[in-house]
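First comes the structure, then the notes that go with it.
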Amino acid sequence: HTSLSRPTRLQRKIRGRAVVQHPFASAPCGWAHNCSAMRRHTLSTVLAASAARCATAFTPSQRCTKTQKLHSTPVASDEWPTFPVFEGADALFPIPFDDARVTYQFTSALHRRLVDAALLDGVPQFFHVVKKGETLEGSIGVVCLILQVTEGDPNDPQFASLESPPYRVTVKCEGRGIVLDTVSTIPFSTARVQPLLDDKSAKNDIEVQTLENQCFAKARRVAELSAKLEGKGVFADQAQEVLESFMFRIKAFEDLALENFNEWSDEERRERAGFLLLALTTLPRAEEAACLAATDAFERFTILDNFLGKTESELSAKVALDGVFGDSAPRAPLPRSGDRISFFWTEEDGWWDCEVVERVAPGFYSVKWDVDGSITRVQLDDDNANRWRLVPRQRPPEQSERRKRG
């Protein structure tokens, strides 16, 4: 069983195990993603705020100034890196070029062995399959660099029913790739992976550029509409900050593209632009995976354009209705940093107490869980009002350990 950033009863006693520092971890041009979080498509929360191995590292994303570019085929077939493979097609994955992190929780002995095998390498990494074909060969995914691993205490009786204590593994994206062939299948799959980069688009430059501009225009419009819906009363300043942060990220990308005008090809710039929009939106899983697998910028922008277009129409309608009916009290008040929250995770795990750290996107907040101190992102807005509630600060701390039953 594998889950992502989920506080379960298995996490009540977690101890630190290992922190692995990657030599490229602080590189400004590295591919990275996403977030230790749940991501769900809801109306008002659609936006978020060389071919050779180098020291055994898979670093196709290192394509900035003074970095050798990759080619479509390797010099020798045995030069492609081999990785342990995590076939988590439905799990959240880190997005190329984004700076957030993803935290996996592995509870099976098989996945623990996979992580252990990765940690034995000089640069601990595994390949997360996001879009799988009929066989592993040809499957597309992302290379995950392991930054930190924590494990449950093996002597803790609450883990007695499990094969082994859980691992919480925090990673960042080192690039996307495609499986060339399977090297082994026992106890888990390992495979040789080739970096996956965008090709020249089948469409002409004018068509691609027009669609790209259209996507960014819609993204800005959706951000503005979302801010209007959420920026009411005492929350107006907060909504404005989120909008400004969103616009800043787009402006920062434009400045970076200008700085690398003579270094980035049109394909690379558009690839980066597409993944920036993907990181700023909350597409449904199938569309998100399709964006990752696409190697034609026009195809990726088409998916984004369709999603942003529908979202813009829906938000415009909500803004119009809001203008007619005026302000109305939300079903649940939006939280602020420092607020205490009780969040319903699943029927099995029940309610868990946490503290709001900060707002990271419209409707989404990073929270620190009482049970183990981990920080993840959850949805705390009207669309998800039934799953969370504000908790008075005078509530006894021991209640955070109570599990909802029945």
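Residues that are modelled with pLDDT under 80 and within 24 Å of the chain's Cα centre (by Cα) are absent from the stretch 103-115.
The residue of the stretch 337-364 that is modelled with the lowest pLDDT, among those that are assigned to a loop (DSSP other than H, G, I, E, B) and open to solvent by 40 Å² or more (accessible area, probe 1.4 Å), is E347. Here E299 meets each of (1) modelled with pLDDT under 95; (2) open to solvent by 20 Å² or more (accessible area, probe 1.4 Å) with one exception, condition (1). For the stretch 85-96, residues that are of a type outside the set (D, E, K, R) and surrounded by fewer than 22 Cβ atoms within 10 Å (Cβ to Cβ) total 3. For the stretch 97-111, the set of residues classified as open to solvent by less than 40 Å² (accessible area, probe 1.4 Å) and assigned to a helix (DSSP H, G or I) consists of A109, H111, listed by residue number.
If we scan the stretch 158-171, do we find a residue that is assigned to a strand (DSSP E or B), open to solvent by 40 Å² or more (accessible area, probe 1.4 Å) and out of contact with any Cys (no Cβ under 7 Å at 6 or more places or on another chain)? No. With the structure loaded, tell me whether G141 is assigned to a strand (DSSP E or B), under 24 Å from L197 (Cβ atoms) and not charged (D, E, K, R) or whether it fails that test. Answer is yes for this residue. Residue check: is L258 open to solvent by 30 Å² or more (accessible area, probe 1.4 Å) and modelled with pLDDT under 95? So L258 passes the test. Within the stretch 141-157, if we keep just the residues that are among the aliphatic types (A, V, I, L, M) and buried (at least 21 other Cβ atoms within 10 Å of the Cβ), the residue that is nearest to E288 (Cα to Cα) turns out to be V142. Counting the residues of the stretch 365-377 that are closer than 14 Å to D339 by Cα and in a strand (DSSP E or B) gives 5.
Any residue in the stretch 189-204 that is open to solvent by 50 Å² or more (accessible area, probe 1.4 Å) and part of a helix (DSSP H, G or I)? Checking the stretch 189-204: not a single residue is open to solvent by 50 Å² or more (accessible area, probe 1.4 Å) and part of a helix (DSSP H, G or I). Entry remark, the stretch 112-138: residues being surrounded by 20 or more Cβ atoms within 10 Å (Cβ to Cβ) and either of a type in the set (A, V, I, L, M, F, W, C) or in a loop (DSSP other than H, G, I, E, B) (or both) number 9 in total. Residues in the stretch 173-188 that are surrounded by fewer than 23 Cβ atoms within 10 Å (Cβ to Cβ) and either in a strand (DSSP E or B) or at pLDDT 95 or above (or both): I178, L180, D181, T182, V183, S184.
The values are calculated or read from the model by the stated rules, or taken from the named source; none is laboratory data. As the structure is a prediction and not an experimental result, all values here were calculated from the model. As a convention, Cβ positions derive from the backbone with ideal geometry for all residues, glycine included, and neighbour counts pool all protein chains shown. Just the protein is used for accessible areas: all its heavy atoms, side chains included, with ligands, DNA and RNA removed. Shrake-Rupley method; radii C 1.70, N 1.55, O 1.52, S 1.80 Å.
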